[in-house]
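For reference, the structure is listed below as structure tokens.
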Amino acid sequence: MITTAPQRRRAFSRIPDDRPRTTRLSADLNRDLAGAVLALRHYLRSSPVPAAGRISRTRAIELLSAQLRLPERLIAAALGILEQRGDVFFDGRGCGVSVVRPGTQHPDDAAITASLATIARSYQPGSALPMGLIAHDCKVPVAHVRRASRPLIRSGLLQFRPRGPHGPGLYVRRQPAVTAPEAEASAVLPGAKAVVHA
């Protein structure tokens, strides 16, 4: 039996949608969480931290939730994301959350950064660092090791290579070879030199 286009449309419209509802719900949650991360980061960077006594993490989340008019669960999740990125840390003073200023190290990273520097110096230049093993030894997530490596990347000891010979990761930086200026000029300009008349 041959069906016409209107009959097929009617038949397909009766087919139940068996896709999981979690797909749409998780997309909504991700959008809400992204908005909460942006709002919290903007609030913490632009607002002065009130001078108060010691404060618990739960109370800090309650206060931030009231200030931003967002649910506490979203504030808690956004705070966790910002802490993992190294943008903020919980210190228990003021509003409970302090911003890590650009160029400064996260307070929880000092020991891991020192350990990373020692490990990196024991490897040959160009070698990949086993971040998973380092994270396991330090009893922290790999993201924490990546965050603790930022000062070493800025200092030039390490580099992040997205397409390294052993895959993406942290590599011990190769030191550039020091050459004489004459050797550089001859290497850059092979053959006869051109004369430019003004």
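What follows is calculated from the coordinates using simple rules that are stated; it is not laboratory data. Because the structure is a prediction, the values reported are computed rather than measured.
Residues whose amide H falls under 5 Å from that of V88, counting only those 5 or more places apart or on a different chain, are E83, V100, with hydrogens built in the peptide plane.
Coupling constants for segment 31-43 follow from the phi torsions by the Karplus curve (6.51 cos²θ - 1.76 cosθ + 1.60, θ = phi - 60°), and in residue order they are 5, 5, 5, 4, x, 5, 4, 5, 5, 5, 4, 5, 5 Hz; glycine and proline get x. Applied to segment 119-128, the Karplus parametrisation 6.51 cos²θ - 1.76 cosθ + 1.60 on θ = phi - 60° returns per-residue 3J(HN,Hα) values of 5, 4, 6, 8, 9, 6, x, x, 7, 7 Hz, with x for Gly and Pro.
Under a 5 Å amide H cut-off, with hydrogens placed 1.01 Å from N, G126 pairs with V172, R173, R174 among residues at least 5 apart or on other chains.
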